[in-house]
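A.B. asks: Would you mind keeping the following structure in view while I ask a few things?
The values are calculated or read from the model by the stated rules, or taken from the named source; none is laboratory data. Just so it is clear, the model here is predicted, and its values are computed rather than measured. For neighbour counting, all protein chains shown are included, and Cβ atoms are generated from backbone atoms with ideal geometry for every residue, glycine included. In case anyone asks, the SASA skips ligands and DNA or RNA and just uses the protein heavy atoms, side chains included. Shrake-Rupley method; radii C 1.70, N 1.55, O 1.52, S 1.80 Å.
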Amino acid sequence: MAEAKTGAEAVHWRLEDLYAGQEDARLAADMEWAAAAAAAFAERYRPRFADLSAAELAQAMAELEALRARLARVGAYRYLAYVTHADDPLYGAALQQYQERATQIGNQLIFFDIAWNALPAERAEALLQSPELSTWEHLLRQWRRYAAHLRNESEEQILAEKNVTGRGLWERLFDETLTEMRFSLRGKEISEQEVLSKLSHSDRDLRHDAAEALSRGLEGRLHTLTFCFNAVLADKALDDRLRRYPHWLAERNLANEIDDAMVEALEQAVVARYSLVGRYYRLKAKLLGISPLRDYDRYAPLPGSSRSYSWEECREIVLGAFTDFSPELAAIGERFFSEGWIDAALAPGKRGGAFAHPVTPDVHPYLMVNYTGTVRDVMTVAHELGHGIHQYLAREQGFLNADTPLTTAETASVFSEMLTFERLMRGESRPDKRLALLCGKIEDTFATVFRQTAMHRFEAKMHAARRSEGELSKERLAEFWLQTQEEQFAGSVEFSPGYRWWWSYIPHFIGSPGYVYAYAFGELLTLALIQRYRELGSAFVPGYTEMLRLGGSRAPVEVVAAAGVRLDDPRIWDSALDYLEGMVAEAERLAGVQ
């Protein structure tokens, strides 16, 4: 069961662009600078905040940005070093020490948010209308939306301190548990990432054995994993009560700058098309000659379609897709590969999954993937590079304005995937190969739209149940999982007994409650952008690039409008889902199914 080499085995990021190493004296020096700057900031602005002029408030915002950026730079280094050494207690301890110290420093700045929200509405609006604050207007308006959910300063400080040793440590326990777990597969002990990769193998027996290995491994650690879930669920319920949020998703929607009705409309539109999932997987069962299709068959490659892509091939494909679209974006993407901004190798102690980290505007983003050479891995690289390019362009807005809400944060990543897919399709003339590529893209899109919506519905059930029933058993969580999974597949997939435990390895449920619907939001928004691109051709590119550059400096509706799409159009979801249905119809045509 030896894995073929892809060339990614030696692809590691160069964190020296941040600091020279764990013992770099600049790490401590930057923390000391931030501590002194925070104390001076509080002394300078706390006594007279209510009387600040617009120009003085703008100066305060610039100082606050510099301070938070310096803290974030240290934090980025500690986190990035940790995720590739999660099995080494020294790295975990260094990250924990940073978080505790950063919280202490940040507590000196809490007065600022509270004082800003305490200003009378008329006074705040007069300041916001001043040209001196134009750079900060959107951010300051967004901060005002949290007025009803803030506690007093001493209470906010206590909440911040307790989070480091409360929910923060439960998240770390969850991450480290999964990182150190090994799954027994055919006489070998392999990591979570490795066992998950086997679920896309062409050998059905191996897929079955991998699924069984994953289920057995998770079941053996369910006591710890379930405890982590319950701790985080209880902590979230407590936070929501203390901050007067009306429901479990309210805080996330506020951060995403969209209202509850828009999220509900998205969910209803996707659930109304669940029949499309069953339609596709019944087609796949025919193509594979399998009945019934099992959970471990969902990502099986079609016969004759299995191939591996070297790291160099992946680089050429993804950058080629960007070059076809925009040489400017491709040139930025090239730097990630050539300048050591990516960590792609599978390695002991490295966290599973993939992400893009924006770091700070004075450096550059970093990407982490676990590359094994599948076409899905190529798409993952495209996805994270889309994030990275977005983050690189948005840094022009500065540290505080660069960060985007999740609803638009996923747009560039999914758009990058689509560009890569279309390049692969253009290079393939054989109908069977085109069908295999198309089916792979459909499955990835379904995973982003339908699977993430199903997971959102699971998450909603468990948060509601934890608040009404108390601590949840592993069986109760499994019940919610199977219920929301079964309704998604509409009878087209049969689940193995151990599949009921697969909720327990999803990190977003622990680290980012309410996150997952943003994937569906971003995917469907991207399909709307793709349709716009097809209408306009190269004329679309400047508006799209401007959308990326805007980062979080404006509301999502305004940002997306730069690319010519109306986010407030209620037809946007159905139009995008129609496009997805067209992809399924094309797969049926290529397969000869009427």
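A.B. asks: Looking at the chain only, what percent of DSSP beta bridges run antiparallel? Nearest 5 please. Working shown, then result.
C.D. replies: Numbers: 6 of 9 bridges.
So the antiparallel bridges in the chain amount to around 65 percent.
A.B. asks: For LEU293, enumerate residues with amide H under 5 Å from its amide H, sequence gap 5+ or separate chain, H modeled in the peptide plane.
C.D. replies: So LEU293 has HN proximity to GLU494.
A.B. asks: Gain in length, ASP324 to SER154, computed as 0.36 nm per residue apart minus the alpha-carbon separation, to one decimal in nm?
C.D. replies: Result: 55.8 nm gained on full extension.
A.B. asks: Give a residue-ordered list of calculated ³J(HN,Hα) values for the stretch 310-322 (Karplus: 6.51 cos²θ - 1.76 cosθ + 1.60, θ = phi - 60°; whole Hz; x for Gly, Pro).
C.D. replies: 5, 4, 5, 5, 4, 4, 5, 5, 5, 5, x, 5, 5
A.B. asks: Tell me what the chain gives for mean residue ellipticity at 222 nm when only DSSP H runs of n ≥ 4 count, each as -39,500 (n - 2.57), the sum divided by the residue total, rounded to 500 deg cm²/dmol.
C.D. replies: -20500 deg cm²/dmol
A.B. asks: With label points built 7 Å along Cα→Cβ from the Cα atoms of SER134 and GLU334, find their separation and express it in nm.
C.D. replies: About 3.5 nm separates the two model spin labels.
A.B. asks: Got a number for carbon plus sulfur as a percent of the chain's accessible area, 1.4 Å probe?
C.D. replies: Heavy-atom surface of the chain belonging to carbon and sulfur, 1.4 Å probe: 51 percent.
A.B. asks: Moving on to the next point. Between the stretch 74-107 and the stretch 254-296, what is the C-alpha centre distance in whole Å?
C.D. replies: Comparing the Cα centres of the stretch 74-107 and the stretch 254-296, I get a distance of 38 Å.
A.B. asks: Okay, moving on. So, R0 is 41 Å and r is the distance between the beta-carbons of ILE290 and GLU9; what FRET efficiency does that work out to, to 0.05?
C.D. replies: The formula returns an efficiency of 0.75 here.
A.B. asks: Give me log10 I(q)/I(0) at q = 0.13, 0.14, 0.16, 0.17 Å⁻¹ for the stretch 444-548, Debye formula, one equal scatterer per alpha-carbon, no solvent.
C.D. replies: Cα-only, vacuum Debye calculation for the stretch 444-548: -0.59, -0.65, -0.77, -0.83.
A.B. asks: Per residue of the stretch 564-574, in order, report the coupling 6.51 cos²θ - 1.76 cosθ + 1.60 (Karplus, θ = phi - 60°) as ³J(HN,Hα) in whole Hz, putting x for Gly and Pro.
C.D. replies: x, 10, 8, 6, 8, 7, x, 7, 4, 6, 5
A.B. asks: Moving on to the next point. So what are the stretch 126-168's ellipsoid semi-axes, whole angstrom, largest first, if each one is the square root of 5 times an eigenvalue of the alpha-carbon gyration tensor?
C.D. replies: For the stretch 126-168, the semi-axes come out at 30, 11, 8 Å.
A.B. asks: Then there is this: Return the distance in nm (one decimal) between the two label points of a simple spin-label model at ARG467 and ALA93, each offset 7 Å from Cα along Cα→Cβ.
C.D. replies: So the label points at ARG467 and ALA93 sit 4.0 nm apart.
A.B. asks: Please give the length that would be gained between ALA237 and GLN104 if that part of the chain were fully extended, namely 0.36 nm times their separation in residues minus their C-alpha to C-alpha distance (nm, one decimal).
C.D. replies: On the way: separation 133, 0.36 × 133 = 47.88 nm, distance 2.43 nm.
Here the answer is 45.4 nm.
A.B. asks: Output the peptides 365-377, 405-417, 276-288, 233-245 sorted from most to least packed, where packing is the average of other Cβ atoms within 10 Å over each peptide's residues.
C.D. replies: 405-417, 365-377, 276-288, 233-245
A.B. asks: List the residues, sorted by chain then number, that are 5 or more residues from TYR366 or on another chain and whose placed amide H is less than 5 Å from its amide H.
C.D. replies: Those lying under 5 Å, H to H, from TYR366 are HIS357, VAL359.
A.B. asks: If the viscosity is 1.002 mPa s and the temperature 20 °C, what translational diffusion coefficient in µm²/s does Stokes-Einstein give for the stretch 524-594 when Rh comes from Kirkwood over Cα pairs?
C.D. replies: Taking Rh from Cα pairs, D becomes 160 µm²/s.
A.B. asks: Then there's this: Test of understanding: what is the full-extension gain from GLN483 to VAL557, defined as 0.36 nm times their sequence separation minus their Cα-Cα distance?
C.D. replies: Working it through step by step, the gained length comes to 23.2 nm.
A.B. asks: So, for the chain, what is the accessible surface per residue at a probe of 1.4 Å, expressed in square angstrom?
C.D. replies: I get 40 Å² per residue for the chain.
A.B. asks: Using DSSP to define loop residues, name the trypsin sites (Lys or Arg not before Pro) in the stretch 306-354 whose beta-carbon has at most 14 other beta-carbon atoms within 10 Å.
C.D. replies: Within the stretch 306-354, the qualifying trypsin sites (Lys or Arg not before Pro) (loop, at most 14 other Cβ atoms within 10 Å) are ARG307.
A.B. asks: Within the stretch 5-106, report the GluC sites (Glu not before Pro) that DSSP leaves as loop and that have at most 16 other Cβ atoms within 10 Å.
C.D. replies: Details: sites: GLU9, GLU16, GLU23, GLU32, GLU43, GLU56, GLU63, GLU65, GLU100; in loops: GLU9, GLU23.
Passing both the DSSP loop test and the Cβ count: GLU9, GLU23.
A.B. asks: Still on this model: At a Förster distance of 30 Å, what's the computed FRET efficiency of GLU586 paired with ASP260, Cβ-Cβ distance as r, to 0.05?
C.D. replies: For GLU586 and ASP260, the calculated efficiency is 0.30.
A.B. asks: Out of every Cα pair in the stretch 242-320, what percent are spaced more than 21 Å from each other? Present the calculation step by step, with values, prior to reporting the outcome.
C.D. replies: Numbers: 1919 of 3081 pairs.
Roughly 62 percent, rounded to a whole number.
A.B. asks: For the stretch 198-295, how big is the tail of P(r) above 24 Å, as a whole percent of Cα pairs?
C.D. replies: That fraction is 58 percent.
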